[in-house]
Amino acid sequence: MPYLQPRGGWIELICGSMFSGKTEELIRRVRRAEIARQRVQVFKPKIDDRYSATEVASHNGLHCVAEVIESAREILNKLRPDTTVVAVDEAQFLDWTIADVARVLADRGLRVIITGLDLDFRGEPFGPMPLLLAEAELVDKLHAICVVCGAPASRTQRLINGQPAHYNDPVILVGASEVYEARCRNCHQVPGRPAFGV
Ligand code: TMP
Ligand code: MG
Ligand code: ZN
């Protein structure tokens, strides 16, 4: 990561739609740090047990060992004294305290790498991600390819029995390509979405 602050800590945020390669990029950065013999701890929220309860896994099959947390504060409790890099996957599922935890770690001089969905299936900001986007020094917004038209995809379409999910459906539904596909703004459909937030 070309960030010129070798002695201080900082926060890197990797966001974007599903299938945009967020976890792949997280794992790539974690591996690079490990090769440099840095002490890395990887965390993931308990909610996402799609592939494994003890690993972070990308859609293309990459994985690395992770500690499961139920709340953001647990990162501080589980932190080892010699850790210099903290990575967190799927931060959209964590409570808003994750932004405070990330700040505390960066203030202490740690490198913090966080991934998460910036938008939920409705196209609205997902959980604490807006706070993290504001707090981070570095933000990468990755794109997938829209399965409908081939344009860069910034959104995630939820499909229930092949039909676009309704705006009032519950926000959390763990899954992969059986329920979700990447789409561009133009092809993204959310029946029932109000034009203005209420
Ligand atoms: P991914 O970003 O690594 O592909 O994983 C996103 C996870 O979030 C996946 O388990 C599906 C879930 N999800 C929701 O719970 N609600 C949503 O609105 C969206 C888009 C995804
Ligand atoms: Mg992922
Ligand atoms: Zn499209």
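Please treat every number below as a calculation from the coordinates, not as lab data. It should be emphasised that the depicted structure is a prediction, and the values quoted were computed from it without experimental measurement. When we count neighbours, we look across all protein chains shown, and the Cβ atoms used for this are built from the backbone with ideal geometry, even at glycine.
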Margin query: Between D140 and L173, how high is the FRET efficiency from 1/(1 + (r/R0)^6) when r is the Cβ-Cβ distance and R₀ = 22 Å? Nearest 0.05.
Written below: 0.30
Margin query: I'd like the isolated cysteines in the chain, meaning no second cysteine's beta-carbon lies under 4.7 angstrom from theirs.
Written below: C15, C64, C149, C187
Checklist line | Förster radius 45 Å - calculated FRET efficiency between A151 and R73 (Cβ-Cβ, nearest 0.05) | finding: 0.65
Check: Can you give the angle from 0 to 90° between the axis of helix 22-35 and the longest principal axis of the chain, with both taken from C-alpha atoms, to the nearest 10?
Finding: 10 degrees
Note to self: Under a crude label model (7 Å from the Cα following the beta-carbon direction), how far is N60 from R39 in nanometres?
What the structure shows: 3.2 nm
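How large is the direction-averaged shadow of the alpha-carbon convex hull of the range 10-142, in nm²?
So the mean shadow area of the Cα hull is 7.2 nm².
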Notebook entry, point to check: Fewest to most neighbouring Cβ within 10 Å: what's the order for K22, K141?
Noted result: K141, K22
Note to self: Straight-line reach from K78: which lysines fall under 21 Å, measuring Cα to Cα and dropping same-chain residues less than 8 apart?
What the structure shows: K44, K46
Check: Can you give the longest stretch of the chain with no exposed loop site, where a site means GluC sites (Glu not before Pro) in a DSSP loop (not H, G, I, E or B) with at most 12 other C-beta atoms within 10 Å?
Finding: 71-177
Margin query: Starting from 0.36 nm per residue, how many nanometres of slack lie between R185 and T83 once their C-alpha separation is accounted for?
Written below: 32.7 nm
Note to self: Taking just the alpha carbons, could you work out the radius of gyration and Dmax for the range 141-198, both in angstroms?
What the structure shows: 11.6, 33
Check: Modelled label-to-label distance, R103 and R28, 7 Å Cα→beta-carbon offset: nm?
Finding: 3.1 nm
Check: Fewest to most neighbouring Cβ within 10 Å: what's the order for L132, L105, L62, L76?
Finding: L76, L62, L105, L132
